[in-house]
Amino acid sequence: MAKGSSAIVAGLTAAAVAAVGFLAYQASANAPESVTAPSSQASGAAAGGQSPKPGPPRDPLAVPADSGTGARVVYAPAKRRVWIVDAAEKSLRTFTVMPSSVSPPPGTYQVSSRSGTIKGSDGVPIEHVVRFADVDGVTVGFSAAQDGSMKAPDPTMKTGGVRMKRPDGNAMWTFATIGATVVVVP
């Protein structure tokens with residue numbers, strides 16, 4: 001009985017391999033030319049014996065390359081992230097933020113005013129307010145809610161408060177004095 005089972009298994013295996021081979025042939029015969037034709041890049045790499053090597057993966061927390069130079073605060077609203085960068089191009093701190101409903105266009109700005117503690121335009125008590133832009137009459141600046149919240153702004157209200165956690169607000173307050181550079185990147 002063992003010899004019969006082996007023959008059956010061998011026969012089924014051979015039939016499966018033949019079926020897969022037939023289906024592979026059928027698929028390649030019916031594939032569009034754009035898939036089956038060798039590309040010039042692939043043949044060039046094979047002829048030269050070298051294939052392009054990918055560079056090292058970019059650190060997602062690295063300071064954006066297009067953010068200028070020198071001591072600055074870099075703000076990327078789309079990434080919801082801020083970097084505090086020293087004059088030696090070293091990132092001293094990076095952290096997440098909650099962008100305001102009004103964001104300034106990409107560009108370079110200067111810190112124009114600061115306030116220790118006030119009430120935000122949304123009614124939330126805030127601290128360490130660092131203002132750097134004005135967009136259509138809305139002042140944009142960094143701040144930390146005293147209750148530690150980072151709620152998304154009401155999209156029906158025009159607010160300029162970019163919210164951060166309180167420890168990040170402390171770091172921003174220490175670094176971003178009047179005249180400090182703020183670079184907004186996409």
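Does region 85-114 hold any residues that are assigned to a loop (DSSP other than H, G, I, E, B), surrounded by 17 or more Cβ atoms within 10 Å (Cβ to Cβ) and more than 20 Å from the chain's Cα centre (by Cα), and which are they?
The initial filter retains those residues of region 85-114 that are assigned to a loop (DSSP other than H, G, I, E, B), namely 86-90, 97, 99-106, 111-112.
Adding the requirement that they be surrounded by 17 or more Cβ atoms within 10 Å (Cβ to Cβ) leaves 97, 99-104, 111.
Within region 85-114, Val111 is the sole residue that qualifies.
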Might you let me know whether region 141-148 holds any residue that is of a type in the set (A, V, I, L, M, F, W, C), farther than 24 Å from Ala62 by Cα and open to solvent by 30 Å² or more (accessible area, probe 1.4 Å)?
no
Read through the list (1) of a type in the set (A, V, I, L, M, F, W, C); (2) assigned to a strand (DSSP E or B); (3) closer than 15 Å to Arg80 by Cα, then give the number of the only condition that Ala152 fails.
(2)
Of the residues that make up region 136-146, is at least one in contact (Cβ under 8 Å) with a residue 60 or more places away in the chain and of a type in the set (A, V, I, L, M, F, W, C)?
yes
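Can you name the residue in region 115-133 that is in contact with a strand residue (DSSP E or B) (Cβ under 8 Å, 6 or more places away or on another chain) and without any contact (Cβ under 8 Å) to a residue 12 or more places away in the chain and, of all such residues, is most open to solvent (accessible area, probe 1.4 Å)?
Just the residues of region 115-133 that are in contact with a strand residue (DSSP E or B) (Cβ under 8 Å, 6 or more places away or on another chain), to begin with: 115-122, 124-133.
Next cut, without any contact (Cβ under 8 Å) to a residue 12 or more places away in the chain only: 118-119.
Working: Ile118: 66, Lys119: 144 Å².
Checked region 115-133; the qualifying residue most open to solvent (accessible area, probe 1.4 Å) is Lys119.
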Are any of the residues in region 145-160 out of contact with any helix residue (DSSP H, G or I) (no Cβ under 8 Å at 6 or more places or on another chain) and within 21 Å of Thr181 (Cβ to Cβ)?
yes
Every residue from region 116-138 that is of a type in the set (Ser, Thr, Tyr) and assigned to a loop (DSSP other than H, G, I, E, B)
Ser121
Conditions (1) surrounded by fewer than 20 Cβ atoms within 10 Å (Cβ to Cβ); (2) without any contact (Cβ under 8 Å) to a residue 24 or more places away in the chain; (3) part of a strand (DSSP E or B): number failed by Thr174:
(3)
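The values are calculated or read from the model by the stated rules, or taken from the named source; none is laboratory data. Everything quoted here is computed from the prediction, not taken from an experiment. A quick note on method: Cβ atoms are made from the backbone with ideal geometry, for glycine too, and the neighbour counts reach across all protein chains shown. When the accessible area is computed, the model is the full protein with side chains, heavy atoms only, and any ligands, DNA or RNA have been set aside. Shrake-Rupley method; radii C 1.70, N 1.55, O 1.52, S 1.80 Å.
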